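Written out below as structure tokens is the structure these notes cover.
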Amino acid sequence: MKRLLSPTTVLLGLFTLALALVGLAGCTTTPASSTLAGGSSVPNAGAAKLWAQNCAHCHNIRTPSAYSDMQWDVVTLHMRVRGNLTAEEHRAILAFLKSAH
């Protein structure tokens with residue numbers, strides 16, 4: 001007869017899985033500047049940099065035109081929580097992504 005896993009083994013496996021998920025969920029944010037060397041600003045440059053730094057950290061980058069504005073609303077709201085983005089970072093990235101349409 002086949003023996004099932006012991007409760008200790010199952011709990012150890014679940015604990016290890018929980019630790020791995022916590023580690024993977026810790027996407028970090030880094031503030032970006034949208035000012036060039038000459039002091040001129042580029043529209044959405046800071047947001048594009050934020051998007052690249054935060055989203056590429058865990059994902060393959062998609063082009064801003066890959067999703068509709070409505071889809072980006074859902075994706076960025078979800079990732080604001082998962083990626084620990086500030087409200088300002090969320091708004092800037094969302095505006096950048098929507099500017100492609």
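Dipole of the stretch 42-101, Cα-centred, from +1 at each Lys and Arg C-beta and -1 at each Asp and Glu C-beta, to the nearest 20 debye?
Dipole of the stretch 42-101, to the nearest 20 debye: 100 debye.
Would you please give the FRET efficiency between Asn84 and Ser6, computed as 1/(1 + (r/R0)^6) with r the Cβ-Cβ distance and R0 = 41 Å, to the nearest 0.05?
In this case the efficiency is close to 0.65.
Tell me the Rg and the Dmax, in Å, that the Cα atoms of the stretch 42-101 produce.
10.3, 28
Only the coordinates and a few stated rules stand behind these numbers; no lab work does. Just so it is clear, the structure is predicted and the values come from calculations on it, not from any experiment. FYI the Cβ positions are ideal-geometry reconstructions off the backbone, even for glycines, and counts take in every protein chain you see.
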